[in-house]
Structure formats: structure tokens, C-alpha cells
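**Student:** Right, I'll just put the structure down here and ask away after.
The values are calculated or read from the model by the stated rules, or taken from the named source; none is laboratory data. The structure presented is a predicted model; accordingly, all values stated were derived computationally and were not measured. Heads up, the Cβs are rebuilt from the backbone with ideal geometry, glycines too, and the neighbour counts pull from every protein chain shown. For the accessible areas, the whole protein counts, side chains as well, though only heavy atoms, and no ligand, DNA or RNA atoms are used. Shrake-Rupley method; radii C 1.70, N 1.55, O 1.52, S 1.80 Å.
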Amino acid sequence: MKIMVVDDDKTTRKILGLYLKGGGHEPVFAENGLDAIEKLAANEVDLILTDLNMPYMDGIELTKTLKTDPSFKDIPLVMITTENDEAERSKAMAAGANGYLVKPISADTLNKNVKIFAKKN
Amino acid sequence: MNKARLEKLKKSLNHSDVSRRRQAASMLGEGDERAIYPLITALFDKSLAVQDSAAQSLIQIGGEAVAYMTIPVLRKEASQRNAALLILKDLGEVSVPFLYDLLKDRDEDMRKFAVDLLGDIHVGVDYESLIPMFKDENANVRAATCRSFGLLNVKDGVKYLKEALSDPEEWVAFNALEALGAMESEEGVTAISELCNGSSLVLKFAAFETLGKIPSKQSRDALIECTKTTDSLTKSVAVKSLVQIGIEPDMLFLATDLRVMLQSDDWEDRFAAISGLSVIKDKESLYTLLDMAGSLDTSYPENEEHIAIIKDAVLNIADCSSLLSLCDINNLKFRGMAILVETLGKLKCIEAIDTLVKLLRSSLRDIRREAAHALVEIADERCVDSLIEALSDEDGHVRKQSIYALRKLKAKKSFLPILDLISKESYEDVVDEGVKALLSMDSSKFLHKASSYPENFKIYIAKYAQETELLLDLSKDDSKSVKIAAISRLGSFNQQNAYDRLSELLNDNDLELRRSSAMTLSQYGVFVDALLSAVNDSDMWVRFYALKAIAATKGAEYPDLFAQALNDRENLVVMGAIDALSILGGQDAYEAIYSIKDHTDDAIRQRVEEVLQSL
């Protein structure tokens, strides 16, 4: 599967990329919401993993934008963030996220969830 | 900023029009501490553009008060939180004292933000206050601490980062590796090498990559050792890191691994392999490199870049004899062959002259062109006769390349054959090249009969001539095309008689000549008084270029001309005026452009919106 990782932190993009490659997936990367939207126009992806806190366009704003766009609304989107609290989770789900994962995450947990969300789709 | 203006701008922050609110938020940036609270409030505006302007203005005001009032925003919604992170980071050192308190916050997210910001700001940060964060109960805070130590680049931090390599959370160890790599820490090499034999594949990959970032003998030795023991899956990462760190020409034992890596589908691996093979000058890889370049489809722009890299590598690895031995291989794809021929030229392989002369008669056009080009590079007198013979080649490109080669060789004996060729030549680019060659070989002999030459000769003479007088004559030629060619060059001569002629032409009865003159003045950024009346010319292109020329030279002296042109009946001229005013900037330009925001044309309204945003 081709999976987009949206995160402003280079190290996080790298480790998630390695985890996904280990699970047999092909990662594509974006540095923030705006970058993701630009890259989605050129890349057909099966799943989006996005951070919450990013400059220029954060994860909630990106989710809202994609979920109201007919071209992207069906791509499963999972928020993956350090913020482990119910209020943030609710906000993400209300914006249209299909899932919410908390960092740090292991390669196994990530790839299992990728499978679950892709299957749901 | 006086009180009245401040109050007006504060009021505008509640205007129903987004662009008014954005402009107010932007202008408050010129204010003082009284503007901070209204701007903090504007961070919560429903428009992202207003939020962004408010954030930028807060950064512009700067100072401790802004930092102090921004800290609480970190606890708000994602969009405000991100704006606060951006502001505190850009404020820099003044934010630092307020961040230390957050390191003890009960909320782990606040602690992580503080650690991240202290790393991003790094100036004026007391790294010792961050040390306890390596033991934080939250793994994200520990990972952020590793990252920040990498950014702070504190040598004393290495021992903590080395400890973090054995953190129970892989994520933290990964960040510690990245930090040690960013610090290029030689002291960390042994601890990093231990991960090369660990059970975590991700950490093994990262350890190899990190060693590749530390330019030392110790890390190079560690990587060489790793390439001997690691499995094939991770070996390529180790070899790649070795190449990155810099291998030595005598490391021939890497040749086989590099050749395998060259066959990878991943261009990043191929680049590393090419780089390594270049260092060890592995001639056995030349065929694969040429074949690879030959199989790339040049209609994809990225392949152009790949071909350029391969060309450089071939040039670096090859010598004349290794290339000549590949000339006889029939299955080399033609583009690969063309690169081979080009390289023969770049290496100035005298011994390849016979082969190249033979290749001038190749059935493949690209090979003939490259062969002619290579002969130019070699620039040996022995090539001249073959090149003169090639002037009668059936392919126009070969004829053109041959002329080019003879020009470079300054082969005067080819003057008459070239003149003869271009007198009956059907391809204009060949005539163009021929005129250039003849001017370069003997301009006085060639220009002696200039007046009797056909129109196309004169056009190319106008294109390349260096004499103002000749161009002034040509600007009065009977042929309009010759005149236009000469006019378009006149601006490039910094001479009054050239500018006088261009001024004169701005009032010519012929529309095309007026256009050419205005265009030339705009292109070369030349101001003449006649431009001031040309902005009222009956032709929209003349008006457009006249505005452009004035904007590029004395725009600040004639703002009213541009404001007036905003009401032009032609959209092109209006666009030109908008652009000119946007270059001028300032409140008057803003107001003038704002006055046509409801223009009847969609494209103009859109452009106005863009320019108003940027102003």
C-alpha cells in the first residue's frame, strides 16, 4: 500500500517510513497539511497518517479539508500524535479522522492498525 | 503608532471583510505593546489568513511581553497552539526563560513543546536544565530531549544520548541516533556500532545511516566491519553510508557491492553506487552506466538529471582506451553511445579522431551530432578537413554542428565553404550558425558586402553584430524584419545614439516598429522621455511595454501614470499597471489597486486580490 506520512518532524517521518517499509508498504512524505494537499494531487495513496501539531496547516485542518473534498474524502485518515487525551481524540474524530494513534508507536502496532484501517476502507 | 490609528486598526479586526481584518492584523505589527492583546485575540479569528497575519505581527513586535502573553495560547486549540509554537520559536532567545517553567508542567504535551522549542531556539539555552528530561516518564518527552540535544550540539550531552540508545522505547533510541548523527559525534561511534548487531532492524538501519554522518576513521572502520558481518538486507545501507562518509580510491573490495547496488530500482541507491564507483574508478561499471543512461526516457525531466549524473561519473571513471574499447560494442543503446562519444571529446582523446570522423557518417543522427561536437572539443587541426566535408551532410544538425566546430577551431579555410553552404541552406538555424561563424572568423570580410545579402543574413547579422553603427543602419533597412531584429538589439548598447533611435522609433507610423522599440526599452530597462507619451499610444502593447519600462527605471517618479493606467480599456495594460504599482508598494499603491477591486474582469479581480494580499 502507498501510505502518506504527514509530519513536520523529520525524524518522525523517517522512523514511520522505516516502520511502514518493514511492513511492505511504500511511504510518501509531506511536511504539513498544505504540503500534503499538494502532494496528494500527484500521488494516489491508500491511507494517510497525519500528525496533529504542524505549522501552516495542522492535522485537524487537514482532516477537515480532505474529508470535505470529493477527491480525497474516501482515503482513510489516521491521526498519529503525541497527545494522549480524550478531548483531542474527540476533536480529531469530529473533524472526520478514521482513527487516532498515540506516539510513540511500535512497528507492529502501526502496521496492524494500517491493515485494520485499510481493510475498513 | 498614535492612539487614533491603533483604535481604528483594533476596530478593523472585527470588520466583516476578511481582507480588512487581515490588513489590520498585518498593520498592527508596526505598533507597540498596546497591539499585543488585540493580536493575541486575532489568533482566534476564524480565517487562517488573519491568524497568520496576527502571528507574523506578534513576531514583528517581538520582546518579552509577546512571549509572556503567547505561552498560555499553547494550551488552546491545535491551530492556535501551532501559531504559538511558531511565534515563540521565531521570537528566539526572549522566549527561553518562560519555557523553563513549562519543563515541570504536569501536562506532558506542554513539557514536550518546551523541550522542542528550547532545541529549535538553541541560542541562550541552558542545556543543563534539559538534562532531567532524559528521565521523563513520557517517551515523547524523552525523544524530544534527544532531538533538542542534537540541535543544541552540546558535547556534554553525548553521554546522555549514548544512554538513551538503550532506552526501552525504540522511538527514543532512534531520536538519540539522529541527534548523535546531527552532532557528528565521534565519541558516540562505539555505542552506535553496537546497535549494528542488535535485534531491531529499524535501529540497525538507523545506526548504519548515523555512522555515515560521522566523518571519522573510527566510524569508517566500524562501517567496513559491519559490511562484512551484516546480512544482505542491511548491507546496502552500510555500503551507502560508507560512500557518504567518503571512501578511498583503494577500497576496491567495495566494487562488487557497488555494482550490485547500481542495479537497484531505487535511484537513491544508484546515486550512492555511482558516487562510490566514481571514487574507485571502476572501469568495469562503464558499460552498465552507459547502458543505464541509454535506456532512460528523456521525456521525463527527472531522467535528464539522472543522465547528467551518469555523464559526470563516466567522465570521472573513463580514460580514452576504456571508452574506445566500448565503441565496438553493437548493443550499446544509442543514447549511451552518444554519451560515450561526448566523453571522448571532453577527454580530448586525440587517438579517437579516426573513430569520430567515421562516426560523422553514422546512420544515427544523434551520434553524428555528438561526433562533430567531440571533434570541436578535441580542437585538433587534423579535424578541419573532415568537418568541411561534413558541411555537405544530409542532416541539417550535422551541418550546424560542423559549422560550430569550425568556428570554435577558428578554421579560416572554411570561410568560403560555409558562405557557400548558407547561401543555399534551407534550415534557418544552420544559416544562423553560419552567420555567427563568419562574423567570428573574419567580420570585415563578411560585412564588406552586407548590404547585398538576403534578408535572413541581415537578420542574423543584426542578432550578433557588435557595432552600434551597423545596427543603426540595419534599423533603417528596407526590410521590416531586419529593422525589428536590429531594434531589438539596440537597447543592449549603452549609447546615446542607440537610445535616440529608439526614442525616434516610439513615434514611428509603423505599429510594429513602435512595439519593438517599447519592448526593447522595457527588456533592457532603459528610460527615454518618449516613453511618457507612449503610455497614451493607440496600441495596447506599446502602452503595456512603455509602462513596464518606466516601472523598471523611474517608476517612483511617475506613480500617477500607473494609477491612471488602471482605468485603461485594455485588460493587458491594467495588469501591467497593477504589477508596476505592486513593485512600488506603499499605502498609495494599495489604495489605487483597492479602488479597482470590483473590476468587471475576473482575472483582474483575482490579480488585485493577490496583490492586495502581498502588499
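**Student:** Report the full-extension gain for the segment B:Thr600 to B:Ser199: residue separation times 0.36 nm, less the Cα-Cα distance, to one decimal in nm.
**Tutor:** That pair, B:Thr600 and B:Ser199, stretches by 137.5 nm at full extension.
**Student:** Once you order the gyration tensor axes a ≥ b ≥ c over the Cα atoms, which shape class does the range B:1-78 get: rounded for a/c under 1.5, otherwise prolate or oblate by comparing a/b with b/c?
**Tutor:** It comes out oblate by the Cα gyration axes.
**Student:** Report, in whole Å, the centroid distance computed from the Cα atoms of the range B:401-457 and the range B:469-532.
**Tutor:** So the two Cα centres are separated by 26 Å.
**Student:** Hey, another quick one. Heads up, I need the accessible area for B:Phe271: 1.4 angstrom probe, whole protein in place, Å², nearest 10.
**Tutor:** Counting only protein heavy atoms, B:Phe271 exposes about 60 Å² to solvent.
**Student:** While we're looking at this one, here's another question. Taking a probe of 1.4 angstrom, what is the accessible area of B:Met540 in Å², to the nearest 10?
**Tutor:** About 60 Å², ignoring ligands and nucleic acids.
**Student:** Express in Å², to the nearest 10, the accessible area of B:Val154 obtained by rolling a 1.4 Å probe over the protein heavy atoms while all chains stay in place.
**Tutor:** 20 Å²
**Student:** With a cut-off of at most 15 other beta carbons within 10 Å, and DSSP calling the residue loop, which GluC sites (Glu not before Pro) in the range B:508-615 qualify? Please list them. Intermediate results must be reported in sequence, preceding the final value.
**Tutor:** Working: sites: B:Glu512, B:Glu557, B:Glu570, B:Glu591, B:Glu609, B:Glu610; in loops: B:Glu570.
Sparse-neighbourhood loop GluC sites (Glu not before Pro): B:Glu570.
**Student:** How do B:Lys281, B:Lys135, B:Lys213 stack up against each other in accessible area, from largest to smallest, with a 1.4 angstrom probe?
**Tutor:** Sorted by accessible area, descending: B:Lys135, B:Lys281, B:Lys213.
**Student:** Given the Cα-Cα distance of B:Glu64 and B:Phe334 and 0.36 nm per residue of separation, how much length would full extension add, in nm? Each step should come with its number before you reach the end.
**Tutor:** Numbers: separation 270, 0.36 × 270 = 97.20 nm, distance 6.65 nm.
Working it through step by step, the gained length comes to 90.5 nm.
**Student:** With Rg and the Kirkwood Rh both taken from Cα atoms, where does Rg over Rh land for the range A:9-121?
**Tutor:** 0.92
**Student:** Sticking with this one: Under a GNM of chain A (C-alpha, springs under 10 Å), which listed residue has the highest mean-square fluctuation: A:Tyr100, A:Tyr19, A:Tyr56?
**Tutor:** In the Gaussian network model the winner is A:Tyr56.
**Student:** Output wanted: per-residue J couplings in Hz (rounded whole) for the range A:12-17, from phi through Karplus 6.51 cos²θ - 1.76 cosθ + 1.60, θ = phi - 60°, x for Gly and Pro.
**Tutor:** After applying 6.51 cos²θ - 1.76 cosθ + 1.60, I find 5, 4, 5, 5, 5, x Hz.
**Student:** Report the label-to-label distance for B:Arg365 and B:Asp312 in nanometres (one decimal), using points 7 Å from each Cα along the Cα→Cβ vector.
**Tutor:** 3.0 nm
**Student:** Here's something else I'd like to know. For chain B, what is the calculated [θ] at 222 nm in deg cm²/dmol (nearest 500), taking -39500 (n - 2.57) for each run of four or more DSSP H residues and dividing by its residue count?
**Tutor:** It lands at -20500 deg cm²/dmol.
**Student:** Note down the net charge around B:Val172, summing +1 for each Lys or Arg and -1 for each Asp or Glu among other residues with Cβ under 13 Å from its Cβ.
**Tutor:** Value of the local net charge: -1.
**Student:** Under 15 Å from the Cβ of B:Gly62, count the other residues' Cβ atoms, weight Lys and Arg +1, Asp and Glu -1, and hand me the total.
**Tutor:** Result for the local shell: -4.
**Student:** Which of the three applies to the protein assembly as shown, rounded, prolate or oblate, going by the alpha-carbon gyration tensor with a ≥ b ≥ c and a/c under 1.5 meaning rounded?
**Tutor:** oblate
**Student:** A 30 angstrom limit on the alpha carbon distance is what I want to check against. Which of B:Lys311/B:Lys458; B:Lys240/B:Lys358; A:Lys21/B:Lys162; B:Lys311/B:Lys408 exceed it? Could the numbers behind the result be given before it?
**Tutor:** Values: B:Lys311/B:Lys458 39 Å; B:Lys240/B:Lys358 41 Å; A:Lys21/B:Lys162 26 Å; B:Lys311/B:Lys408 23 Å.
Pairs exceeding 30 Å: B:Lys311/B:Lys458; B:Lys240/B:Lys358.
**Student:** Oh, and also: Based on DSSP H runs of at least 4 residues, each adding -39500 (n - 2.57), what is the mean residue ellipticity at 222 nm of chain A after dividing by all its residues, to the nearest 500 deg cm²/dmol?
**Tutor:** -13500 deg cm²/dmol
**Student:** Rounded to whole Å, give me the distance from the Cα center of the range B:243-257 to that of the range B:151-223.
**Tutor:** 22 Å
**Student:** Counting only other chains, what is the mean number of Cβ atoms within 10 angstrom of the Cβ of each residue in peptide A:102-108?
**Tutor:** Averaged over the peptide's residues, the number is 4.
**Student:** Kindly identify chain B as rounded, prolate or oblate by the Cα gyration tensor criterion: order the square roots of the eigenvalues as a ≥ b ≥ c, call it rounded if a/c is under 1.5, otherwise compare a/b with b/c, prolate if a/b is larger, else oblate.
**Tutor:** It comes out oblate by the Cα gyration axes.
**Student:** A follow-up question, please. Would you list B:Lys162, B:Lys410 from the most to the least accessible area, probe 1.4 Å?
**Tutor:** Result, largest first: B:Lys410, B:Lys162.
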